[in-house]
Structures are given as C-alpha cells and as structure tokens.
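The values are calculated or read from the model by the stated rules, or taken from the named source; none is laboratory data. Everything numeric in this text was worked out from a predicted model, so none of it was measured. For neighbour counting, all protein chains shown are included, and Cβ atoms are generated from backbone atoms with ideal geometry for every residue, glycine included.
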C-alpha cells in the first residue's frame, strides 16, 4: 500500500495511475481518495494522476493530537504529496474541503501548482454567516462523538445540496453514503474541529487572492446554495480565475455529473498546458454595457 510521510511525521495513503503531466486530487470532508475514481479513470489516459486520503481518513494515519489538524496543515499535506513524489508543478483539483486546501496551496506554495481547480467551495465563508457556521460545526462535532460515523453518516449524507445526487444516481449515491459511514469517527470529528471550523473566511483573504496568478477554475453546482455566492466572489477576486456553474447539480459535482466535470477540467488544463490561459482583461471590469467613446 503506497504511503508517504509528511514533514510532521503523518503517513498519507495515496493511489497513482497514468503518466504525463501530474494531476493531484484532494477530496471533500464527506469523501476520501476513492471519491475520485471517475476522474482517475478518465484523466489517467493522458496525465499522471494521484489521489490521496487526507490525515484522519484511513488508510492514512489518524493523528490523535487536535493540533495536527488545521487549514494550513491541509494545504501543506498537498505540498507533501507533490514534493514527496517528485511531481514538480502540478494541476491540483479539489472539492469542498479539498478546494479550500487547494486554494490555500495556491497562496502558500504557488511554485507547486501548475493550475488550481476549486469545486463546491465556500460553505460558511461569508462574513455574515460565520457565527452560524461555527454553531453548526460545534453541533456536528458533538453528534459525531456521540453517534459514531456509521450512524452520523446517514444524516450527514442527506444534506440539502446532496439530495439531487440521490435523485440522479441512486447507485452512485449509495456507494458515496456507504464510504462516508465507514470513515474514522475520531478522524472525522478532529477534521471537523481543526480544519473545517477553524479555517479562515475566504473573504478575509481578499488581498491575497487578488495577487494569485496561478490559473484557476472555480466550479459550482447551481443547487449548491452555500457555494454560489463565494464562487462568484472568487471569480471576481482572483485575476486568473474562471467560473463554471453546472446546471441541476449539487455539492458532489465530480460524482453527480462526472462527464461534464471531467470535460470542463480537461479543457481548462489543456489551455493551461498550451500556454493559452489568460488573466482577466481589466477593461472588462468597467461595469457598463458599452465601451468607451471613440474619439
């Protein structure tokens, strides 16, 4: 079973397939390395693909020290995968919790990122919603401890932005739910406490995002309400960003509509590798309908 060790000594499990330019996949809170199977099968035809399980998600190690879990550490673990495997600058694709970590990698270690894909990102990030978000995560942590992941996963998998997944693909949804219920109870509440609850608001990072020049693709489902406004904010703030909104899609984008997701990411990374991805033209930010008057 392939593993690598982070700089603070935690063993991370990873799976690798394919050859070519490197592409690293970073999973969401309710997923793990297995959540990227539709992407590994597609992109491995032309890329060197790596999906890893975050700390707290077996078969990666589950540190028992709460201090081992943080947003900074989550980003540094992506860096550990890239440097530990000698990948060089990589296309990094993250969903939800993994998308937060992907964006933080772009801010902390831009030399390691060839491009960034941040999908389903932004829950709890808006300043006016932070207090409610903290209260909700505190309640979830208590429930995970009391119920265990087998029971807790039944209700967590039925969040509002997940219901359309079950409607469209009951078989895929059932697999997603079963994998979630099998997660480590300790690793899950520690991740919720150290990474999810304590991460800084995306809106507090505006000045840093305005300096981010790594090619970036933001993807949101139009039925993933918590991600819509933050995704538009990121599009407006990151000079190198484009925004895709997938229709009739919720939070679990890469599993709900893998063909649409894969084709969008492929088109993006192809432009990046071809040197044709450009930052937004500042003249497009004028806010009007008509161009400047001609002399």
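Reported count of residues in the range 210-219, each being closer than 29 Å to residue 248 by Cβ and either surrounded by fewer than 22 Cβ atoms within 10 Å (Cβ to Cβ) or under 15 Å from the mean Cα position of the chain (by Cα) (or both), is 4. Per the conditions (1) under 18 Å from residue 196 (Cβ atoms); (2) touching a residue at least 60 places away in the same chain (Cβ under 8 Å); (3) touching a strand residue (DSSP E or B) at 6+ places or on another chain (Cβ under 7 Å), the sole criterion not satisfied by residue 62 is (3).
Only one of the listed residues (200, 230) is under 16 Å from the mean Cα position of the chain (by Cα), exposed (fewer than 15 other Cβ atoms within 10 Å of the Cβ) and closer than 26 Å to residue 57 by Cβ. That residue is 200. Scan the range 112-134 for residues that are within 20 Å of residue 192 (Cβ to Cβ) and assigned to a helix (DSSP H, G or I) and report the count. Residues flagged as within 20 Å of residue 192 (Cβ to Cβ) and assigned to a helix (DSSP H, G or I) within the range 112-134 amount to 6.
How many residues, within the range 78-89, are under 15 Å from the mean Cα position of the chain (by Cα) and either in a loop (DSSP other than H, G, I, E, B) or crowded, with 24+ Cβ neighbours inside 10 Å (or both)? Lay out the reasoning, then the answer.
Taking the range 78-89 first, the residues under 15 Å from the mean Cα position of the chain (by Cα) are 78-79.
Checking the rest, the ones that are also either in a loop (DSSP other than H, G, I, E, B) or crowded, with 24+ Cβ neighbours inside 10 Å (or both) come to 78.
Residues flagged as under 15 Å from the mean Cα position of the chain (by Cα) and either in a loop (DSSP other than H, G, I, E, B) or crowded, with 24+ Cβ neighbours inside 10 Å (or both) within the range 78-89 amount to 1.
Which one is farthest from residue 30 (Cα to Cα) among residues in the range 65-77 that are under 18 Å from the mean Cα position of the chain (by Cα) and free of Cβ contacts under 8 Å to residues at least 40 places away in the same chain? Give the derivation first.
Of the range 65-77, the ones under 18 Å from the mean Cα position of the chain (by Cα) are 69-77.
Okay, now just the ones that are also free of Cβ contacts under 8 Å to residues at least 40 places away in the same chain, so 72, 75.
Details: 72: 19, 75: 18 Å.
Selected residue: 72.
Considering the range 43-59 alone, what residues qualify as being out of contact with any strand residue (DSSP E or B) (no Cβ under 6 Å at 6 or more places or on another chain), on the phi < 0 side of the Ramachandran plot and surrounded by 19 or more Cβ atoms within 10 Å (Cβ to Cβ)? Please lay out each step first, then the result.
Initial filter on the range 43-59 (out of contact with any strand residue (DSSP E or B) (no Cβ under 6 Å at 6 or more places or on another chain)): 45-46, 54-58.
Still in the running and on the phi < 0 side of the Ramachandran plot: 45-46, 54-55, 57-58.
Within the range 43-59, 54, 55, 57 meet the criteria.
Among the residues of the range 1-33, those that are in a strand (DSSP E or B), touching a helix residue (DSSP H, G or I) at 6+ places or on another chain (Cβ under 7 Å) and crowded, with 22+ Cβ neighbours inside 10 Å comprise 12, 23, 24, 25, 26. Of all residues in the range 50-64, at least one satisfies being within 20 Å of residue 264 (Cα to Cα) and modelled with pLDDT of 95 or more. A Cβ distance below 8 Å, combined with a sequence gap of six or more or placement on separate chains, defines the contacts here; from the range 196-225, residues that are without any contact (Cβ under 8 Å) to a residue 12 or more places away in the chain reach no residue that is surrounded by 15 or more Cβ atoms within 10 Å (Cβ to Cβ) and assigned to a loop (DSSP other than H, G, I, E, B).
Residue 106 falls short on exactly one of the conditions (1) in contact with a helix residue (DSSP H, G or I) (Cβ under 7 Å, 6 or more places away or on another chain); (2) crowded, with 24+ Cβ neighbours inside 10 Å, and that condition is (1).
On inspection, residue 193 qualifies as touching a helix residue (DSSP H, G or I) at 6+ places or on another chain (Cβ under 6 Å) and surrounded by fewer than 22 Cβ atoms within 10 Å (Cβ to Cβ). The test for being in contact (Cβ under 8 Å) with a residue 12 or more places away in the chain, buried (at least 19 other Cβ atoms within 10 Å of the Cβ) and within 22 Å of residue 248 (Cα to Cα) holds for residue 96. For the range 233-242, what are the residues that are under 24 Å from residue 130 (Cα atoms) and crowded, with 16+ Cβ neighbours inside 10 Å? If the condition is that a residue be under 24 Å from residue 130 (Cα atoms) and crowded, with 16+ Cβ neighbours inside 10 Å, then 233, 234, 235, 237, 238 are the ones that fit. Here are some residues: 174, 113. Which one is out of contact with any strand residue (DSSP E or B) (no Cβ under 7 Å at 6 or more places or on another chain), at pLDDT 95 or above and farther than 22 Å from residue 69 by Cβ? Among 174, 113, only 174 is out of contact with any strand residue (DSSP E or B) (no Cβ under 7 Å at 6 or more places or on another chain), at pLDDT 95 or above and farther than 22 Å from residue 69 by Cβ. Taking the range 262-277 as the range and being in a loop (DSSP other than H, G, I, E, B) and surrounded by 11 or more Cβ atoms within 10 Å (Cβ to Cβ) as the test, only 277 passes.
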